[in-house]
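The values are calculated or read from the model by the stated rules, or taken from the named source; none is laboratory data. Please read all numbers here as calculations on a predicted model, not as lab measurements. Neighbour counts run over all protein chains shown; Cβ positions are idealised from the backbone, glycine included. Each accessible area value is taken on the protein alone, full model and side chains, heavy atoms only, with ligands, DNA and RNA left out. Shrake-Rupley method; radii C 1.70, N 1.55, O 1.52, S 1.80 Å.
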Amino acid sequence: TGNSYRNLIGKGLRCLLDVPHRSGQEVYRNAHHSLGRFFSWSSQPLGEKIPSLLISSVGQPPCHFSAWDIQINRSFHTSPSLQAAPVPLFWIIAKPAQKLFAIILGRSIRNWWKALPPNKRELFKESARKNKWKILLGVSSLGVVFVMFYFTHLEETPITGRARLLVFGKEHFRELSQMEYDMWMEQFKSQMLPETDARYQVVERVVGHLSESNKDVPQVSALKWVIHVVDEPGVNAFVLPNGQVFVFTGLLDAVSDIHQLSFILGHEIAHAVLEHAVKKASLVHFLDFLSLIFLTMIWAICPRDSLAVVGQWIQSKLQEFMFDRPYSRTLEAEADKVGLQFAAKACVDVRASSVFWQQMELAESIQGQPKLPEWLSTHPSHENRAEHLDRLIPEALKIRESCNCPSLSGPDPRLIFKLNVQHLLESSKGQGPPNSTKQDPSKRKPDFPHT
């Protein structure tokens, strides 16, 4: 991302990254003759069911999807930062009370031990040594109880067949999902696009096509898909467990074509079908219950409250980075795999799926945003996500072929993207930095060669 990218910015990329501050006609005029062809290819239409579409607002000139029509956030996620459904209500109430009880119990044990005379401490240690096998048996029994609880609450994941832990009842979780749906509707009530808006109709047709093409999956046909398009610049989309689909207009600006949008929505539908919200809440609840034992030990062993607070913080971070976040990344990878299968059965050009994440990676590099290690995130990195999808695409193409979809003609969009990036980087070599000329870079017209 060194001098080549900086030279790119100096030669006209700034005027494209500032799109939200420009008028529609100016954006179309500048983007079409510079990066318009850089991120475009001849995507195949989705057969007769979904023709190639342009996104436009009511009363506004049509506008092609463009990865440069928005400012990309570094922490882009296709799923919301919150889980798709809230944790069960009793857990919300009980969780702080459980932690408080563990802290009080541990602190009481510490104070009791400090108050014991030295001779009684020795007697207690001697008694513990004599009964060490009984103590070990009791601890082992407790461990066996947890293991039995874990394996008796395992179920098979739909479609993938992978074993999953389910602590909460699905019906109660759906009720709480409805509560969260009401919350989102209240929050976005003034930003909802009407059904007559062209952007709403695009999302509606894509979701309808995906659900119709995958109606042989019982979990897909059982849900009633309700579409909501929110006029919000954030690059986001999510689907609640009850089938309510929320898509931000920022995502519609970020995708390059209908195929990328179909894959992203297939990914979000997969989250709902695979019941990832229930799985994540179940695992977190199980780990939190186990951590109460360690929390009690920390407050009992640490000689001072300040050290106990530090120990508690370390324990919570270890749980987060060793279990919670890796599990979230696993769920994202699973949703990518199943979402790609959904898109393949809908006759989508699945090769465009990895290109979307390559575009996001390139956008962040050009903007100079620092790369955070993947282990700090709940989502895989854009680069790893694109590589994972590239490994899955051959299988998805076989699924697409088995569904009697129209054959894909023309070059691979991944190859077109790679060649365009190469060509653009080569054309930027030898060009001076933005401040090497007296001309104001912000007023300079883009001089990228056409591909």
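Averaged per residue, what accessible surface does segment 94-156 expose to a 1.4 Å probe, in Å²?
Dividing the accessible area of segment 94-156 by its residue count gives 81 Å².
With respect to the cross-link table entries LYS317/LYS337; LYS345/LYS429; LYS371/LYS398; LYS134/LYS279; LYS114/LYS279, which display a Cα-Cα separation exceeding 32 Å?
Beyond 32 Å between Cα atoms: LYS345/LYS429; LYS371/LYS398; LYS134/LYS279; LYS114/LYS279.
Express in Å², to the nearest 10, the accessible area of ILE416 obtained by rolling a 1.4 Å probe over the protein heavy atoms while all chains stay in place.
For ILE416, solvent-accessible area is about 40 Å².
Could you compute the FRET efficiency for SER140 and THR160, with r as their C-beta to C-beta distance and R0 at 35 Å, rounded to 0.05? Intermediate results must be reported in sequence, preceding the final value.
Numbers: r = 34 Å, r/R0 = 0.96.
Computed FRET efficiency for SER140 and THR160: 0.55.
Considering every pair of different Cα atoms, what Kirkwood radius, in Å, is found for segment 170-425? Working shown, then result.
Values: mean 1/r = 0.0491 Å⁻¹.
By the Kirkwood definition, the hydrodynamic radius is 20.4 Å.
Could you give the nm distance between label points at GLN178 and GLU387, where each point is 7 Å from its Cα heading toward the beta carbon?
Computed distance between label sites GLN178 and GLU387 equals 4.5 nm.
Considering only protein heavy atoms, what per residue accessible area in square angstrom results for segment 284-424 with a 1.4 angstrom probe?
46 Å²
HN-Hα J couplings of segment 312-320 from phi, Karplus 6.51/-1.76/1.60, θ = phi - 60°, integer Hz, Gly and Pro as x?
Taking θ as phi minus 60°, the curve returns 5, 5, 4, 5, 5, 5, 4, 5, 5 Hz for segment 312-320.
Quick one: if the Förster radius is 41 Å, what FRET efficiency do GLN98 and ALA222 give, using the C-beta to C-beta distance and rounding to 0.05?
Step by step, r from the Cβ atoms, then E = 0.75.
So what is Rg over Rh here for segment 199-328, counting just Cα atoms and using Kirkwood for Rh?
Rg divided by Rh gives 1.19.
Please give the residues of segment 291-310, grouped as numeric ranges, whose backbone N is less than 17 Å from a label point set 7 Å along the Cα-to-Cβ vector of LYS125.
Correct set: 301-303.
How fast does segment 87-150 diffuse by Stokes-Einstein, in µm²/s, taking the Kirkwood radius from C-alpha pairs at 20 °C and 1.002 mPa s?
Rounded to a whole number, D works out at 144 µm²/s.
If I take R0 = 56 Å and measure r between the Cβ atoms of SER190 and MET297 in this structure, what FRET efficiency does the formula 1/(1 + (r/R0)^6) give, to the nearest 0.05?
Given R0 = 56 Å and the Cβ-Cβ separation, E is 0.65.
Under a straight-distance cross-link criterion of Cα-Cα below 16 Å, which aspartates and glutamates are reachable from LYS130, leaving out those fewer than 8 residues away in the same chain?
GLU122
Quick one: putting +1 on the C-beta of Lys and Arg, -1 on the C-beta of Asp and Glu, what dipole do you get for segment 185-267 around its Cα centre, in Debye to the nearest 20? The partial results should precede the final answer.
Working: 5 positive and 10 negative charges, 42 e Å.
So the magnitude is around 200 debye.
Run the dipole for segment 170-425 about the Cα centre, Lys and Arg Cβ at +1, Asp and Glu Cβ at -1, nothing else charged, and hand back the magnitude in debye, nearest 20. Don't jump to the answer; show the numbers that get you there.
Working: 23 positive and 33 negative charges, 106 e Å.
The calculated dipole for segment 170-425 is roughly 500 debye.
Just to confirm a number: summing +1 for Lys and Arg and -1 for Asp and Glu over residues other than ALA308 whose beta-carbon lies under 9 angstrom from that of ALA308, what do you get?
Here the charged neighbours net out to +2.
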